[in-house]
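Since the structure comes first, as structure tokens, the remarks are kept for the end.
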Amino acid sequence: MSSSKHHDHKRCVTSALENAAAICSSRGLRLTPLRRQILELVWHSHRPLGAYSLMEMLAEHSGRKLVAPPTVYRTLDFLVEHGLIHRVHTLNAFVGCSHPAGPHSDVLFICRECQTASEVHSPQVYKAIHICAAEQQFKVVQQMLEVVGICAGCAARKP
Ligand SMILES: [Zn+2]
Ligand SMILES: [Zn+2]
Ligand SMILES: [Zn+2]
């Protein structure tokens, strides 16, 4: 599971960047160096990162001259819009999407102990939201339930 702390995270990053490149080229979008770099920073771990942390990391890691905050926000918007990262409203932060080309995820489980966020695709949840929305005559544009709790790894470490 992608949320495990004990996994080869370099592979997650490599495949995220490869997926992003493939998705952008198939949709005629440009994965500019800045977009790629911010995507890579968001993928720093499976813990969602806020825009401020990302800006600090960007300044630290890249040796880039300060990137103006609006540029960073625009870049994040681009990555969110194309499903490469998700906005985590509960934490006011961003996390990389683990399967941007696959079926859309419906639930984001956020561990309050290790702050890891993992996506789950659940046809039942998807259906429940759409049935409920139809009853309210509410048009769903985007959906992702955010559920806060304790992940299996953290639960196992507790006495
Ligand atoms: Zn990983
Ligand atoms: Zn996703
Ligand atoms: Zn945890």
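The values are calculated or read from the model by the stated rules, or taken from the named source; none is laboratory data. Note that the coordinates shown come from a computational prediction; the quantities given were computed from them, not determined experimentally. Cβ atoms come from the backbone with ideal geometry, glycine included; neighbour counts cover every protein chain shown. To get the accessible areas, we keep the full protein, side chains included, count just its heavy atoms, and leave off ligands, DNA and RNA. Shrake-Rupley method; radii C 1.70, N 1.55, O 1.52, S 1.80 Å.
A few comments on the model shown:
- Considered as a group, the residues in region 11-66 that are among the acidic types (D, E) and modelled with pLDDT of 95 or more include one that is nearest to T90 (Cα to Cα), and that residue is E40.
- Neighbours by Cβ (under 7 Å, 6+ apart or cross-chain): first from region 72-101, more than 25 Å from A59 (Cα to Cα); second open to solvent by less than 40 Å² (accessible area, probe 1.4 Å): T90/I110; S98/E119; P100/I23; P100/G83; P100/L84; A101/I23
- Count of region 123-151 residues, restricted to those that are free of Cβ contacts under 8 Å to residues at least 24 places away in the same chain and either within 16 Å of ligand 3 (Cβ to nearest atom) or surrounded by 13 or more Cβ atoms within 10 Å (Cβ to Cβ) (or both), is 6.
Table: residues versus (1) open to solvent by less than 60 Å² (accessible area, probe 1.4 Å); (2) within 16 Å of ligand 3 (Cβ to nearest atom); (3) more than 25 Å from E18 (Cα to Cα).
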| residue | (1), (2), (3) |
| --- | --- |
| H46 | yes, yes, no |
| V80 | yes, no, no |
| G83 | yes, no, no |
| A101 | no, no, no |
| A156 | no, yes, yes |
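- Restricting I110, I85 to those that are within 16 Å of ligand 2 (Cβ to nearest atom), of a type in the set (V, I, T) and more than 18 Å from V141 (Cβ to Cβ) reduces the list to I110.
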